[in-house]
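One structure below.
The values are calculated or read from the model by the stated rules, or taken from the named source; none is laboratory data. Predicted model, so just to flag it, every value in this text is computed and none were measured. Cβ placement follows ideal geometry from the backbone for every residue including glycine, while neighbour counts extend to all protein chains displayed.
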Amino acid sequence: MKTYVVLAASVLAVAASVWLGGLYLANVRIVFGAASHCIDPSAPAPHHGMVWIPGGRFAQGDTVYPEEGPVSAAHVNGFWMDRHEVTNGAFAAFVAATGYVTQAERALDPATHAGLPPDMLAPGAVVFVMPKDVHGTEDISQWWRFTPGANWRHPAGPGSSIAGHENYPVVEVTHDDALAYARWKHRDLPSEAEWEWAARAGDARAGDDHDQPKSANTWQGIFPVLNSGADGYVGLAPAGCYAANAFGLYDMLGNVWELTNDIYRPRHGEAPAPDAMPMMGETRRYVIKGGSFLCAPNYCMRYRSGSREGQEADLAASHLGFRTVSRGAAP
Ligand SMILES: [Ca+2]
């Protein structure tokens, strides 16, 4: 039997949603630190906020965790890509225009989720809650909580809000939600290779720099109990607060994990694992990329272009978002 706690085990980065006295403080800005200025997502930009990613050949993958290998030759054609993660404001415009209801706002069908306890069939999502202390890092239920009522409007559960956070990345969305948004924009989600090449920003070699990036929203300190906020944020950051890469893309590493359109396989070039295919009581998994603001040197060193995880298709999480691509003509 596969519970949602186990399902969430593939999601190794963690959301820093801090609850204190009932107040949601996930996105508190730390005034010290090295965060640069943030972009204005509403500012005019070519091709509706997208940048052109030229095609290229590159060595896909990395060597830190088994699922990143083997490093394999890959090629992608040129495409347009959102220069930053899709924001709450942009997603709200989509919902207002279409009436779309996200998966976390709907109850699960017990017929397709046999074995889940009733309270986990309720509308909700998984939320990171920073523990005061932990007993090792094997048991992720020490900081991940399935939270009824958590969704993109209430990313830490009932009582939390995105008010004033229109420029923050939308979270608690699933692959279906992200794809629905993309289709509404006449766009698509990136493939894993497209995403990785875009994050590589023209460097065709497999990454040999495995250090924590200096300009990205990641976790400084000892995960999951101590985050110094040295990068300027202890939780989510607004989109575009750190230096863009050479392609002009913001937050490809860190801030939120980003959904792709590729079904997760345990290794590059291998057939889908049996558990990657939908089975009774289980859900398909999709590749997510880039790590999140919860990736730390002592846990989940996935703040790299070659890192990857498999995310359950219908499981929304407080550290997971997306950006879109368009395979239109070159500029
Ligand atoms: Ca990101």
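Within segment 111-124, residues that are on the phi < 0 side of the Ramachandran plot have Cβ atoms under 8 Å from residues that are surrounded by fewer than 17 Cβ atoms within 10 Å (Cβ to Cβ) and polar (S, T, N, Q) in these pairs: L116/T3; P117/T3; M120/T3, counting only partners at least 6 apart in sequence or on another chain. Number of residues in segment 112-147 that are assigned to a strand (DSSP E or B) and surrounded by fewer than 17 Cβ atoms within 10 Å (Cβ to Cβ): the value is 0.
I need every pair where a residue in segment 163-183 that is on the phi > 0 side of the Ramachandran plot has its Cβ under 8 Å from the Cβ of a residue that is among the aromatic types (F, W, Y) and more than 15 Å from the ligand (Cβ to nearest atom), sequence separation at least 6 or different chains. Matching pairs, first to second residue: E172/W152. Here E194, E138 are screened, and the one residue that is among the acidic types (D, E) and in contact (Cβ under 8 Å) with a residue 12 or more places away in the chain is E194.
Whether a residue is over 30 Å from V234 (Cβ atoms) and hydrophobic (A, V, I, L, M, F, W, C) was assessed, and A122 does not pass this test. Every condition in (1) away from the ligand (no atom under 16 Å from the Cβ); (2) not in a loop (DSSP other than H, G, I, E, B) holds for T260 except the one numbered (1). Scan segment 285-299 for residues that are in a loop (DSSP other than H, G, I, E, B) and within 14 Å of the ligand (Cβ to nearest atom) and the total you get is 6.
Here H319 clears all of (1) at pLDDT 95 or above; (2) closer than 23 Å to E138 by Cβ; (3) away from the ligand (no atom under 13 Å from the Cβ); (4) in contact with a Leu (Cβ under 6 Å, 6 or more places away or on another chain) except the condition numbered (3). Screening R183 on (1) part of a loop (DSSP other than H, G, I, E, B); (2) farther than 28 Å from N298 by Cα; (3) of a type in the set (K, R) shows it passes everything except condition (1).
I need every pair where a residue in segment 243-264 that is on the phi < 0 side of the Ramachandran plot and without any contact (Cβ under 8 Å) to a residue 60 or more places away in the chain has its Cβ under 7 Å from the Cβ of a residue that is away from the ligand (no atom under 15 Å from the Cβ) and part of a loop (DSSP other than H, G, I, E, B), sequence separation at least 6 or different chains. From segment 243-264, the pairs are A246/G202; I263/P272; I263/R284.
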